Structure formats: structure tokens, C-alpha cells
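Below: one structure, written as C-alpha cells.
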Amino acid sequence: MEKFAVVSLPDGGERIIKRHPVLKRLPQVYACRCLKYITAQVSGIIYDKDTNSELGYMLDVPGFFIDWDKLTPHERMKQLAGIVKRLDELGISTLCFPFAGDYISKEEAEWIEDEGITILDGLMIRLAGLFQAVGNILVIVQKDLPFFEVGIWGADTDIGRTWVEFLADRVNKLCIGGRDPRVLQFLADRVLKSTGLSCQIAVDAESCIKNKHLLVLAEDVGMIFPRQQSINILSYPGGLIDGRDLPEGPGVFFLQSGWLDFPRDLAVAFQLKPVEELGVIEGLFYCISKVYREELFISRISLTQIRRVQALFGLYPMKLMGYIAKDKKIAFDSFRKSYYQNRRRGLSEQHMDWGN
């Protein structure tokens, strides 16, 4: 089977420093200063437990995470060339980089692919898990769902249109927003024809986003106004590793990806974070499934396509356990308890206000 590599999240350079013949002898402060000059290093091997065979590698790439945006184009290209060289040495042509869009420009990604390396950003498998997780969440909140104010920003994008199709026949109050009013009007007409629901159109993000019980961001707008009891879905490319501090509050939930049970027949030398697990799962799917590779080559995202990828989860088999938020795994049962606990608290506060 073809092998793959997954970019590891930064750990402060500990893995590299411990293994480097020079850095491990330096004081910590000086060793850390040298990290941004170190090219890609293998941080762990991904094994098949049953056969003890190597499936791929975890890569530490400190240059991506230390002042990457301050490097000159020449310095960035040196780092990228170092990654390509290391992958060539390992005999690997598939790089799983679930947060690639936050670090590599379109032109840089095209250069890497011209060098014979396929970059997988995890978006398709992330969306498939996220749609499935949201479907489970809607079942949990189904008593409240008819009263939800729902907003979808970026409805004029492929991802946004897919969310409109997914949610239109499940909710009663829907606002679709984006930058192209013609596309939005077309979607609104189609929703009216298929469901009888007349949905609101917004071309400014704030009116689409603010005070929604259920909010879908299919495009990043750099702002979120979560109400006290709300479910917020970050489904845009790059929304898995979001640099902003997401607002906190009782009853405020964020979903960034589905949480798939990590294959029990795989082993890695160190504990993986949820994002890294996503990269390993996609690398595995890409290498063993012709169907998954074909889905990635389809340029436009659709609900039919997402459902075909979801069907692969059952074939492996791979169970959906919950969802990922702020790099943490949240089980559906934990969401249920927290949601209804905060819902009761909110109703109690409303009654107190009425009494006053």
C-alpha cells in the first residue's frame, strides 16, 4: 500500500530537540530559537498493529508554526523545498495537512503538487463527519428545532449551498446570507418550491449571523455573535484551526468537525490530537479507497458527494463518536446533558424576569 505523511501540530519543538544531535545539547532557549531553521523531521511512524507494517509517518515542520507569515517568499520556498525533499527521501507522494489553507498559499500548494506531492487538506472527510454530527445534534434538540432562528452565511458557496439543502426541510426560520444576491435569490426560490419555506436573504454578515440559535459559517467573516443558547458550526476551509478565541458562555456550542473513532488497528508513537487523527484517517482512506480518491477529484461539493463519503465510514467500519470543538472531543451524550442543563437554566431565568 502507498504510504502517506501527516503534518503534526506544534509541541514547542520538544520532539525535534530531543532527537537532534546538536539541539539536545543546547540550553532550551537557544535550541528553540534554532527550530525555525530546521526542515521537516519524522516525529513518529504510523503502524498497522495486525501486520506491524509501516503505513506512513508523522512530520514535525516547525518552520510552518514559527513566524511563518514573517518569512520572505524566498525563505518560505526554502522551507517548502525541504518538505518536498524529505518526502522524496521517504518515498511518499501524499501529504495530509488538515490546516494547510492557514499556512500555504494557493500558488505554493500548486508548486508542491507540481513537484509530485498531493496535498490533502482534510476538508472533505471533515465535512462528511461534521454533517453527520450535526444530523445527530438536530435529533437531540428536535423539540426546540421548530423555534430556532437559523442563519447560514456563505450560502452562495458550494459548502453553503450544501448546508441550505441539508437544513431547509428541517427548520422553520431560515436566513441565508452571502455576497451574491442573485445566487441567494435563486436558492431562496428553490427552497420555497421544495419546502414551502420562505427564507430571509442577507447580504451583510451581521444581520445573518447575529442572535441565531443555530448558525452555520460556510465562509469566514472574522466575527461571531453567539446568543446565550446557540449552536455554531464552523465549516469553512481553515475553520478547523481557528486563530481567534471562540467566545465562551453557558449554552454556547461550537462544532468544527465530526469526531470519528480512531481506527483501533493503527498505532502511533505518541498521543495524537483530534486534528492529527483527522489527517491520519484521511491518509488511510486516500491510500486504500479508490472511491474516496474519486470523490476528491470532483471539483464541486454537494450533499450527494458528502453522503457517499459518509457511507465509507460504515465500510471501514468507523463510528462517529461526537464532534470536535476547540481541539477537544465532545461526545453526543455530553452535549445532550450540557444543552438541556443550560436550557433549563435559561427558562428558569426567564420565569424570574417575568416575576419581577
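Values quoted throughout were computed directly from the atomic coordinates according to the rules given, and no laboratory measurement underlies them. What you are looking at is a predicted structure, and each value in this text was computed from that prediction instead of being measured. In this analysis, Cβ positions are derived from the backbone assuming ideal geometry, glycine residues included, and neighbour counts consider all displayed protein chains.
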Residue exposure sequence - H20, H74 - by fewest surrounding Cβ within 10 Å: H74, H20
Relative contact order %, the chain, counting alpha carbon pairs below 8 Å whose residues are six or more apart: 18
Dmax and Rg, reported as Rg then Dmax, of the chain (C-alpha, Å): 22.0, 72
Cα gyration tensor shape for the stretch 4-120, rounded if a/c is under 1.5, else prolate or oblate: oblate
0 to 90° range, to nearest 10: angle between helix 181-195 axis and the chain longest Cα axis: 60
Angle in degrees between helix 73-90 and the longest Cα principal axis of the chain, rounded to the nearest 10: 70
Sorted by Cβ neighbour density within 10 Å, fewest at the top, the residues W111, W259: W111, W259
Per-residue Cβ neighbour rank within 10 angstrom, fewest leading, Y323, Y37: Y37, Y323
The stretch 194-270: GluC sites (Glu not before Pro) in DSSP loop, at most 13 other beta carbons within 10 Å: E248
Beta bridges per DSSP with both ends in the chain, % antiparallel, nearest 5: 35
Out-of-range pairs (alpha-carbon distance over 27 Å; input K49/K319; K49/K273; K106/K319; K173/K329; K24/K273): K106/K319; K173/K329
Between 0 and 90°, nearest 10: helix 303-315 axis offset from the chain longest Cα axis: 60
